[in-house]
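These notes concern the structure reproduced below.
The values are calculated or read from the model by the stated rules, or taken from the named source; none is laboratory data. Note that this is a predicted model, so its numbers are computed, not measured. Neighbour counts run over all protein chains shown; Cβ positions are idealised from the backbone, glycine included. Protein only, heavy atoms only, side chains kept; ligands, DNA and RNA dropped before computing areas. Shrake-Rupley method; radii C 1.70, N 1.55, O 1.52, S 1.80 Å.
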Amino acid sequence: MMDAELHSLAIAIARETGGYLAAHAGDHLSVSTKSSPTDTVTNVDRSAEALIVRRITESRPDDGILGEEGTSRPSMTGVRWIVDPLDGTVNYVYGIAAYSVSIGVEVDGELAAGAVYDAARGHLYEAVRGGGARRDGELLRCSAVTDLALSLVGTGFGYAKDVRARQGAIVARLLPQVRDIRRIGSAALDLCAVASGQLDGYYERGINPWDRAAGLVIAGEAGARLHVVADPATGRELTIASAPGVFDALFEAVSQ
Ligand code: IPD
Ligand code: CA
């Protein structure tokens, strides 16, 4: 019951915030940087996070919230919202139609529900544990591929130069082993694409909880195999979501 209520609220807030993002796309943005000169944040990222926090708080004032743009509120209920108000900020700034709002909900430390709104295309992806994953109401199933060589694999790159150099070396090794690579620019949309079979797999090192929380629920409920484990050398987490038939091969190829 509780999961279902949280799921509905996540959907309502993702839709509203996605509408806000789409309405402001193309506005004159105030752009500043965070961890590196290419790690971008805009006034829209911040105001979208404020909108999400306001909506969660109106309905559930005692829940915890972790947001990419700085919200960090402890939970008094065991429920925690993990939110990325604008995933794909660089695409948003450049006018590329691949950005989303991502809202995941944890109950007692376990991911329970998620909603990702693909704001430029107007598609809603959502899932609740045990209830399957849907895009605009239609049940999703990840791909049935069994051969890594025939797999379309999404990935992404962080903002720090040293991290990118390592990510580049791994992608260079992977490229001859797969159908092709996609770098969509929103980890949340990558995970939804695994859920819908538009990607056979996705992996990335170093993404944050807000990039993946909702997408992991959606991909997992669509039948994807999931893996989130910290690299003992760097402490950075490797996230993998893929069709079960190619998971082992993808894991092997990207985990060196
Ligand atoms: C980024 C996107 C991108 C991924 C980066 C993320 P942001 O999030 O999800 O696809 O490769 O690792 O930081 O900065 O657009 O919210
Ligand atoms: Ca993000």
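Average accessible surface for the range 130-256: 43 Å² per residue, computed with a 1.4 Å probe over protein heavy atoms with every protein chain in place.
Can you tell me the orientation of helix 161-174 relative to the chain, as the angle in degrees between its alpha-carbon axis and the longest Cα principal axis, to the nearest 10? The two axes meet at around 50 degrees.
Taking square-rooted eigenvalues a ≥ b ≥ c of the alpha carbon gyration tensor, is the range 172-256 rounded, prolate or oblate, where a/c under 1.5 means rounded and, failing that, a/b exceeding b/c means prolate? Since a/c stays below 1.5, the shape of the range 172-256 is classed as rounded.
Taking the C-alpha atoms only, the angle from helix 187-196 to the longest principal axis of the chain is near 70 degrees. Measuring nothing but how far apart in sequence close Cα pairs (under 8 Å, 6+ apart) lie, relative to its length, the chain scores a relative contact order of 18 percent. Per residue, the accessible area of the range 44-124 comes to 38 Å², computed with a 1.4 Å probe over protein heavy atoms only. Counting only DSSP beta bridges whose two residues both lie in the range 100-255, roughly 85 percent are antiparallel.
Look at the Cα gyration tensor of the range 1-152: its axes a ≥ b ≥ c give a/c of at least 1.5 with a/b at or below b/c, and that counts as oblate. Shape annotation for the chain: C-alpha extents along the principal axes are 50, 42, 35 Å, from largest to smallest. Roughly to the nearest percent, how much of the accessible area of the chain is carbon and sulfur, given a 1.4 Å probe? Summing carbon and sulfur atoms, their accessible area is 52 percent of the total for the chain.
The angle between the Cα long axis of helix 2-24 and the main principal axis of the chain comes to about 90°, on a 0 to 90 degree scale.
Using only side-chain charges placed at the Cβ, +1 for Lys and Arg and -1 for Asp and Glu, the dipole size of the range 34-128 relative to its Cα centre rounds to 260 debye.
Under 5 Å from the amide H of Ile65 lie the amide H atoms of Arg73, Trp81, each residue being 5 or more positions distant or on a separate chain, with H modelled from the backbone and absent for Pro and chain starts.
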